[in-house]
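Any read-out appearing in this document is the output of simple, stated calculations on the displayed coordinates, not a laboratory observation. Because the structure is predicted, anything quoted here is derived from the model rather than measured. So basically every Cβ, Gly included, is an ideal-geometry build from the backbone, and we count neighbours across all protein chains shown.
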Amino acid sequence: ARIRRYKWKVDYSYFSPDCVEKVIIAINGQYPGPRIRAQAGDTIVVELENGLPTEGVVIHWHGIHQFGTPWYDGTAFVSQCPINPGETFTYKFVVPRPGTYFYHGHFGMQRAAGFYGSLIVDLEHGEKEPFAYDGELSIILNDWWHRSIYDQETGLFAIPFRFVGEPQSLLIEGRGRYNCSLVPSGSVAGSGDCVSCNSSNPQCQPYILPVEPGKTYRLRIASVASLSSLNFILEGHNMTIVEADGYNVDPVVVENLDVYSGETYSVLFTANQNASRNYWAAINVRGRKPATPTGLALLNYLPNPSSLLPSTPSPMSPVWNDFDYSLNQNKLIIARKGYEVPPPPKPDRQLIFLTTQNKVNGRIKWAINNITYVITSTPVLAALKYGLKKAYDPIPPPDYPALPFSISGPPANPNATVGSGVYTFQFGSVVDVIIQNANTLTPNNSEVHPWHLHGHDFWVLGYGKGIFDPATDPQSYNLKNAPLKNTVAVLPYGWVAIRFRADNPGVWPFHCHIEAHFHMGMGLIFAEGWDRLPELPKSVLGCGLSKYL
Ligand code: C2O
Ligand code: CU
């Protein structure tokens, strides 16, 4: 195993990812951030300088467990204090498993400002994938707004609520195109935007995926979308899914792939179409009524020039609200034969999380069992480790929703309480969580929520529609080849059951990966085994009550 060292500086930077210029958060002047490529067992050392003049930063290594280094999980006020302007902080952690991962800012809505990049871990020397390919490609998907994250954030907390609206564009590896025809006529800001629309700026030329005819490629796909569920298509090519969230899955052939924020996949495809032309790689919004043009990259059959754009229309995805389609695709993801890791047969503890949209003092919030999470000013890890009882909510949040509840209309009790309680687990115990989706505050509306767990992978035991029945639904759990994942999408009016072993000493956020939803309280903290940890590095302390340590 090797040590891989990186020196990064985070800065504001002007970028035009969709040909419209705005200020983004870049690393070493790059967007997306530099790619980390390592081998399983390597140690990653990132020396991070915060060059933002007025705000703190942290970086979360999404999908990496941080076993033995929970303080480097990179979540502001959970694992560490934010890195102050001008300060340098060093992350140091092992990447134990091969797979497709990524990293992103985890403070406020910084991820949505472009603060992310990919992290790819190869097998150890001598190990082999159970599938073959000639070449490899990698993309991160994102949705993009022209308004700043500060503007978006302010709207989320405004009374009345101000929604930034659907994204202006969809980006593939940080590039897309804003569609000028969407600009309302007479809109001043809009027509200003449009000046740059047909620009030849290299920052918004379609990302190129070069392939040689006849060869087979592994394409790594991750989504850091703020809001949108995305559907990925390679025009004219089928794809075989082989990896999800770092695990080998049963190879299944699909024509298009739903990718939720926080998920990663690898697909194989063969460049076996008419080689005299190029093809679109495309993303469309699913799960919400789309109001954003298709995001396009170019599948470039060499030696065709990359300037040879397809004359075919941009590919279409299944209709946005065909949730049966989404559910069926989710169910295709199971562990690959020979690579199954069967879950423990029974949980030691079961939690049912009813996720609702609520109001607190007139502000719209998301809540779990009627509690909406607010960030503390002391990192929860330090609070637990050093018994800083005043730093968090000592009352454990409820394991079950109040009964009875209905999911078919807006919540009977629209009010939620604010909390920052922590669910604590017996070290090594097996925990089941059922995430129960519900109607929002708007009649006949329920949204998609991709839930992500830090520090662990979980088995996805089952999906269902309607209200989870604790008496009968567990009988249909997949205990044979349930996939291990770190993010799973809960579909409108449905539920998902997951199981994990609480065997990673530390404190771990479990939250909706939609940036605005987490920011509006849709998350909570799990903790286990913190008493086994050595002293925390001084560099993660210093804010809130941890300054007295
Ligand atoms: Cu990628 Cu806590 O998130
Ligand atoms: Cu959500």
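Taking the DSSP beta bridges in the chain as the whole, what percent of them are antiparallel, to the nearest 5?
Taking every DSSP beta bridge with both residues in the chain, the antiparallel ones total about 70 percent.
Tell me, what HN-Hα J-couplings in whole Hz come from the Karplus equation 6.51 cos²θ - 1.76 cosθ + 1.60 at θ = phi - 60° for each residue of region 5-13, using x for Gly and Pro?
Taking θ as phi minus 60°, the curve returns 9, 10, 10, 10, 10, 8, 8, 6, 7 Hz for region 5-13.
Which of rounded, prolate or oblate describes region 136-332 when judged by the alpha-carbon gyration tensor and an a/c cut-off of 1.5?
oblate
If you count, for each residue, the other Cβ atoms within 10 Å and average over each peptide, how do 307-320, 132-145 line up from highest to lowest?
Top to bottom by mean Cβ count within 10 Å: 132-145, 307-320.
Taking Cα pairs under 8 Å and at least six residues apart, what relative contact order does the chain come out at, in percent?
Over the chain, the number comes to 14 percent.
Just subtract the alpha-carbon distance of Lys9 and Arg162 from 0.36 nm times their residue separation and send over the number in nm, one decimal.
51.8 nm
Treating only the Cβ of Lys, Arg, Asp and Glu as charged (+1, +1, -1, -1), what charge dipole size does region 136-332 show about its Cα centre? Round to the nearest 20 debye.
Taking the Cα centre of region 136-332 as origin, the dipole is about 360 debye.
Using only Cα atoms and rounding to the nearest 10 degrees, what angle (0 to 90) does helix 323-332 make with the longest principal axis of the chain?
80
Residues of region 205-244 with backbone nitrogen within less than 17 Å of a virtual label 7 Å along the Cα-to-Cβ line of Arg147, please, listed as ranges.
226-228
Within the set Lys389/Lys465; Lys359/Lys389; Lys7/Lys480; Lys485/Lys547; Lys128/Lys538, which residue pairs have Cα atoms separated by over 32 Å?
Pairs exceeding the cut-off: Lys389/Lys465; Lys7/Lys480; Lys485/Lys547; Lys128/Lys538.
For the chain, what does -39500 (n - 2.57) per DSSP helix run (n ≥ 4), summed and divided by total residues, give at 222 nm, in deg cm²/dmol to the nearest 500?
So the helix-based figure for the chain works out to -1500 deg cm²/dmol.
List every residue whose amide H lies under 5 Å from the amide H of Val259, counting only residues 5 or more places away in sequence or on a different chain, with H placed 1.01 Å from N in the peptide plane.
HN-HN under 5 Å from Val259: Leu230, Asn231, Phe232.
Which FRET efficiency value, to the nearest 0.05, do you get for Ala412 and Thr154 by plugging their Cβ-Cβ distance into 1/(1 + (r/R0)^6) with R0 = 30 Å?
Given R0 = 30 Å and the Cβ-Cβ separation, E is 0.50.
Output the peptides 355-367, 416-428 sorted from most to least packed, where packing is the average of other Cβ atoms within 10 Å over each peptide's residues.
Top of the packing list down: 355-367, 416-428.
Determine the gain in length on full extension of the stretch Ser539-Glu129; use 0.36 nm per residue of separation and subtract their C-alpha separation, reporting nm with one decimal.
Once the chain is fully extended between Ser539 and Glu129, it gains 143.8 nm.
Using bins 20 angstrom wide from zero, how does P(r) for the chain break down, in % of all Cα pairs?
Calculated P(r), rounded to whole percents: 22, 59, 19, 0.
Determine ³J(HN,Hα), in whole Hz, for all residues of region 219-224 in sequence, where each value follows from phi through the Karplus function 6.51 cos²θ - 1.76 cosθ + 1.60 and θ = phi - 60°; x replaces Gly and Pro.
Per-residue couplings from phi come out as 10, 8, 10, 10, 10, 10 Hz.
Measuring from label point to label point, each 7 Å out along Cα→Cβ, what is the Thr216 to Gln30 span in nm?
Inter-label distance under the simple model: 3.0 nm.
Arrange the peptides 111-121, 324-334, 394-404 so that the one whose residues have, on average, the most other Cβ atoms within 10 Å appears first.
Those peptides, ordered most packed to least, come out 111-121, 324-334, 394-404.
Would you mind computing, in nm to one decimal, how far apart the modelled labels at Gln475 and Thr88 are, each placed 7 Å from Cα along Cα→Cβ?
So the two model labels end up 6.3 nm from each other.
Once Lys and Arg get +1 and Asp and Glu get -1 on their Cβ, which of Val164, Pro305, Thr43 lies farthest toward the positive end of the dipole of the chain?
Checking the options against the dipole of the chain, the answer is Thr43.
Quick one: length gained pulling Thr43 to Arg2 fully straight, 0.36 nm per residue minus the C-alpha distance?
Contour length minus Cα-Cα distance gives 14.1 nm.
Of all the Cα-Cα pairs you can form in region 349-548, what percent are over 26 Å apart?
33
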